[in-house]
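The values are calculated or read from the model by the stated rules, or taken from the named source; none is laboratory data. Every value quoted in this text rests on a predicted model; they were computed, and no experiment measured them. Don't worry about glycine lacking a Cβ; one is built from the backbone with ideal geometry, like all the others, and counts go over all protein chains shown. Just so you know, the surface numbers come from the protein's heavy atoms only, side chains and all, with ligands and any DNA or RNA stripped out. Shrake-Rupley method; radii C 1.70, N 1.55, O 1.52, S 1.80 Å.
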Amino acid sequence: MLSIEGLEFCYGATDANSSFPMCFDLTVNAGEILSLIGPSGSGKSTLLKLIAGFNAASKGCIKINGQQIQLLSPAKRPVTMVFQEHNLFPHLDVYTNVALGMNPSLQLTVQQNRAVDDALENLGLAGMQKRSPGSLSGGQRQRVALARALVRKHAILLLDEAFAALGPAQREEMIALVKTMVEDQNMCALLVSHQPTDALLASKRTAFVHHGQIFKIDETEKLLNRSDLTEINKYLGA
Amino acid sequence: MSHPSRSGYWVLIVLALAVLVPLFSLLTQGNSSDVVGLNFWQSHYLRQVLFFSLWQAFLSAGLSIALALLVARAFAHHGAFPFRSLLLRLFGLPLVVPSIVAVMGVVSIYGSNGWIPLGRSLYGLNGILLAHVFFNMPLAVRLLLPVWQSIPPHHWQMSEQLGLNRWQQWRHLEWQALRESLPGISLLIFMLCLTSFAVVLTLGGGPKSTTLEVAIYQSLRFDFDPHQAVSLALLQLGLCLLVAWGSSLFHKLPDVEISLSNTPLNTGIVGRYMNTFVITAAVIFVGMPLIAMVIDAFNNSILTVLSNPGLWLSAGLTLLIGISASTLSVLAGWLLLSTSTDYAMLGKKRKASVIEMLGSVVYVVPPLVIGTGLFVLLAPHINVFEWAIPVVILINAIMGLPFVVRTLGPAMRQSKMRYQHLCENLALTKWQRFKTVDWPLLRKSVGLSSALVAAMAMGDLGVIALFGTPEIITLPLMLYHQLSAYLIPNAAVTAVFLLGFCLSVFWLLEKLIGGKTNAEY
C-alpha cells in the first residue's frame, strides 16, 4: 500500500513552473490503479516526481507498505516510472532496454534472461528483442517500457501521461495491459492523464488535483459526474 | 539528483589561473615604472598599427559578410542545387584548414607565379583581405544559412500567395530574420580578423601592414622589448573586450551546425541562373586556392621535403600538441558541462548558462595575449623555451574549450533532460550510466569536438611562434619559415602535407571516437 501524508513541496521562485506551495495526502491500495486528473500545472506530475524522488519534499512522508521512503535516493525507491516519451535508450535494442531494468550491469543470469523474454512475450513483443526503438511504433515503445516495469517487480508503478501520444484504440489496449500487470503483481499504480476516458477505463477511484492539492477523490464515474463542483466542471468543460 | 556535480568548478578554477594569472602579470607590468612611457602611446608606430588592425578587420569582415549574404541567400533559395550538401561541407573546410596553409593557397593563386598573379601587391592589405575573405566568408555562410532556414515555409507560401516580389520578400521576410543575427555574426568575424595572426604575419608587408597581434610577436621575438609587448597586449585585450561587449548586446549567434537539405523555393528562371552563378563563383573562390596548392605541391622538391627527417619530427610534435590539447580540452569541457547541465536539470538555468559562459570567456582573450602574459611571467624565473610544448598545449586546450562547450553542450543537455530521471529510476551507477547511456549517446559530439580542437591546435602558429625554438618546430612553424625564406616549392609541399595531416587526424578522430551515427527516434 502507498500512503502519502502531508507531503509538501514548492518550486523555487525563479522556476518556470508554478510557485504555489503544494501539499498532498493520499492512499493507494495494493492492486489498485488510482487516476490523477486535473488542469495543467496543478501538480499531478509533481506528485509523481515526489514519489519517485526526482523532487525532494520539504515536509511529510511517503510510506510503501508501512516503510518510509522519502529520504531514499530515486535509485533505492521501489518505484518504476513510465514517462510520456524517451523511456527507451535509442542506441540499445529492445532486449537490452528491458534487461537494464532487471540488472543495470547487464550481467544477467539464465533465469533473468528468461524473465526478460517472458516479459516481452507477455506484452506481445516476442521476436522483437533485436529491434531498435527507432523501428517501433509509439505503442510498441510504451509496451517495452511496461515490459521493463514488469521485470523490475517494484511495488509502485507511476504512469506520467504515458499513453498521451497514442490513439484511442492503443490507449485502451495499453490500459488493459497495465490493469493485468497491476493485478498480477499486486502493485499500486498512479496514472496521470488528461483524458477522463482513461480514468474511466483504468480506475475504480480517481483523484482530482487542483492547485497543488488532492481537491477531491472519489469513485471515477461519480467524480466525473459531480456537477456541484465548479473546478471539476471547468476542467471537464461541462 | 539532489546535488549538482562540482567538477565544473575545478575546471573554472584552473581556467581562471591559466588565464587570469598571465593577464594579471601583464597588468602589473603595465603599471610598473619600466613600462614604455607616454611617448610610445603617442607614437606614430602605435597609431599606425592600431589603425591598420581596425581597418583591415573592418574591410575583411565587411567583404566577408557582404559576399556571404549573397552566397547564403543563393544556397537558401536553391535547395536543389547539385551537390549542395557536399559544397556546404566544403564551406566547413576553412574551420579545419590551418591559417598558414590558407596563406599558402592564396600565394599559389595570387602570388608572382600563381594563376592570377598580383605581384608585390599581394603582400599587404590586398593579400590579407583575400586570405581573410577565403577564411571567413564560408564561416559566415554557415552562420547565416540557418537564419534563412528559420523562416517558416508557410511564410514563403504566404508571400507568394500575396504576390510579393523579390524585393518585398527580402524586406518583409529575409531582412526581418537577418537583422537580429547580422550584427552578432559581423562582430564575430570582425573579432576573428582583428586577432588573426598567421595571415598578417606572412602576408603583411612591414610596419605599414602590421596588426597589434603581429606587433606583440615582433616586440617579443625581434625587438626583445617585453614592455612594449605588454602595452600592445593590453591594448589588444581592451579592443577584444570592447568587441565582445558589443556582440553581447545583440541577439545570440545561430548554430554553425546547419541542415544540409532544404526545400527549393520558386525563384524563377533568372533567379535560378543568378543563384547558380553566385554559388559557382563562391565555390571557385574557396576551392581554387586549395586545388592550386595541391597542384603546386607536385614539384621537384617533393622528395627532398618528404625525405627530410625534420618534417617527420615536426609532424610528430604537431600531432602530440593536437592530441594532448584536444584531450585536455574535451575532458575539461565534459566536466564543465556536467555541472552546468546538472544545474539546468534543477531548474537553475541562469547558473548553468553563467558556468558555460565562463568556460567560453577565453574566446575574447587572444591566445597571443595569454602567451605574452606567460612569457613575461615566466621569463625571469625559467627558460621559457624549455617549457614551450606544455605551454602551447595548455593554451591551445584553453582556446578549444569554447568550441567543446558549443559542440558538446547541446547534446549533453538534451541527453540529461531526456534520460536523467530514467537513469535515476533504473538505479544506474555513475559508471554504468557512462558506459551504457552517456558514452553511446554523446560519443559523436565528443568525436567532433576532439577532431575540431586537435585540428585547430595542430594548425596553430600564434603561440608556437612565440615559444618555438630551432629544436621545437611544428609543421605550421616550419611552413612559416619556408614562406619567409621564399622557398615556395618546399612550402607548397609542406602546406599540402600539413593540410592532409590535419584533415586525416580530424577524420580519424571523428570516426574513431564518434563511431556510428547515433540512433534517434
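Here are the numbers:
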{"quantity": "Within region A:73-82, tally of residues that are open to solvent by 30 Å² or more (accessible area, probe 1.4 Å) and in a loop (DSSP other than H, G, I, E, B)", "calculated": "2"}
{"quantity": "Test for B:GLN482: is it of a type in the set (S, T, N, Q) and within 14 Å of another protein chain (Cβ to nearest Cβ)", "calculated": "no"}
{"quantity": "Unmet criterion (only one of (1) more than 24 Å from A:GLU183 (Cα to Cα); (2) more than 8 Å from chain B (Cβ to nearest Cβ); (3) within 18 Å of the chain's Cα centre (by Cα); (4) among the hydrophobic types (A, V, I, L, M, F, W, C)) for A:MET22", "calculated": "(3)"}
{"quantity": "Qualifying positions in region A:151-197 - more than 13 Å from the chain's Cα centre (by Cα) and within 19 Å of A:ASN29 (Cα to Cα)", "calculated": "A:LYS153, A:ALA176, A:LEU177, A:THR180, A:GLU183, A:ASP184, A:GLN185, A:ASN186"}
{"quantity": "Index of the failed condition, B:THR474 passing every other in (1) at pLDDT 90 or above; (2) surrounded by fewer than 24 Cβ atoms within 10 Å (Cβ to Cβ)", "calculated": "(2)"}
{"quantity": "Filter pass, A:LEU106 being surrounded by fewer than 18 Cβ atoms within 10 Å (Cβ to Cβ), of a type outside the set (Val, Ile, Thr) and free of Cβ contacts under 8 Å to residues at least 40 places away in the same chain", "calculated": "yes"}
{"quantity": "The listed residue being touching a Leu at 6+ places or on another chain (Cβ under 8 Å) and in a helix (DSSP H, G or I), out of B:ALA102, B:ALA57", "calculated": "B:ALA57"}
{"quantity": "Count of residues meeting criterion [within 10 Å of chain B (Cβ to nearest Cβ) and not in a loop (DSSP other than H, G, I, E, B)] in region A:87-96", "calculated": "1"}
{"quantity": "Selected residue [more than 14 Å from chain B (Cβ to nearest Cβ) and either of a type outside the set (Gly, Ala, Ser) or in contact with a Cys (Cβ under 7 Å, 6 or more places away or on another chain) (or both)] from A:GLN67, A:GLN84", "calculated": "A:GLN67"}
{"quantity": "From B:GLY206, B:GLY238, B:GLY246, residue being under 26 Å from B:VAL141 (Cα atoms) and not hydrophobic (A, V, I, L, M, F, W, C)", "calculated": "B:GLY246"}
{"quantity": "Among residues of region B:421-431, those that are crowded, with 18+ Cβ neighbours inside 10 Å and either basic (Lys, Arg) or assigned to a helix (DSSP H, G or I) (or both), counted", "calculated": "5"}
{"quantity": "Residue match in region B:395-415 (condition: within 14 Å of chain A (Cβ to nearest Cβ), within 19 Å of B:VAL453 (Cβ to Cβ) and open to solvent by 10 Å² or more (accessible area, probe 1.4 Å))", "calculated": "yes"}
{"quantity": "Qualifying residue in region B:460-474 (condition: of a type outside the set (Gly, Ala, Ser), under 19 Å from B:THR304 (Cβ atoms) and either in contact (Cβ under 8 Å) with a residue 40 or more places away in the chain or within 13 Å of another protein chain (Cβ to nearest Cβ) (or both))", "calculated": "yes"}
{"quantity": "Subset of region B:193-216 (residues that are in contact with a His (Cβ under 8 Å, 6 or more places away or on another chain) and in a helix (DSSP H, G or I))", "calculated": "B:CYS193, B:VAL199"}
{"quantity": "Qualifying residues in region A:12-25 (those that are open to solvent by 20 Å² or more (accessible area, probe 1.4 Å) and in contact with a helix residue (DSSP H, G or I) (Cβ under 8 Å, 6 or more places away or on another chain)) - the one modelled with the highest pLDDT", "calculated": "A:ASN17"}
{"quantity": "Region A:54-72, subset open to solvent by less than 50 Å² (accessible area, probe 1.4 Å) and part of a loop (DSSP other than H, G, I, E, B), residue nearest to A:SER137 (Cα to Cα)", "calculated": "A:PHE54"}
{"quantity": "Among the residues listed as B:LEU331, B:LEU335, B:LEU313, the single one being open to solvent by 70 Å² or more (accessible area, probe 1.4 Å), under 23 Å from B:ALA411 (Cα atoms) and either among the β-branched types (Val, Ile, Thr) or over 18 Å from the mean Cα position of the chain (by Cα) (or both)", "calculated": "B:LEU331"}
{"quantity": "Wholly within region A:136-238, helices (runs of 4 or more DSSP H) carrying at least 3 residues that are in the same structural domain as A:ASN113 (by TED's automatic domain parsing), closer than 27 Å to B:HIS421 by Cα and open to solvent by 20 Å² or more (accessible area, probe 1.4 Å)", "calculated": "A:138-152"}
{"quantity": "Among the candidates A:GLY38, A:GLY31, A:GLY43, A:GLY53, residue that is more than 20 Å from A:PHE215 (Cα to Cα) and more than 14 Å from chain B (Cβ to nearest Cβ)", "calculated": "A:GLY31"}
{"quantity": "Helices (runs of 4 or more DSSP H) enclosed by region B:110-190 - at least 1 residues per element that are within 13 Å of B:ALA68 (Cβ to Cβ)", "calculated": "B:125-149"}
{"quantity": "Test: residue in region A:26-37 that is modelled with pLDDT under 90 and exposed (fewer than 15 other Cβ atoms within 10 Å of the Cβ)", "calculated": "no"}
{"quantity": "Matching residues, region B:291-304, being aliphatic (A, V, I, L, M), under 14 Å from B:PHE497 (Cβ atoms) and open to solvent by 10 Å² or more (accessible area, probe 1.4 Å)", "calculated": "B:VAL294, B:ILE302, B:LEU303"}
{"quantity": "Selected residue (criterion: farthest from B:MET274 (Cα to Cα)) from residues of region B:40-95 that are open to solvent by less than 10 Å² (accessible area, probe 1.4 Å) and among the hydroxyl-bearing types (Ser, Thr, Tyr)", "calculated": "B:SER53"}
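Every residue, every condition in (1) open to solvent by 30 Å² or more (accessible area, probe 1.4 Å); (2) within 14 Å of chain A (Cβ to nearest Cβ), yes or no:
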site: B:LYS348; (1), (2): yes, yes
site: B:VAL354; (1), (2): yes, yes
site: B:VAL369; (1), (2): no, no
site: B:PRO380; (1), (2): yes, no
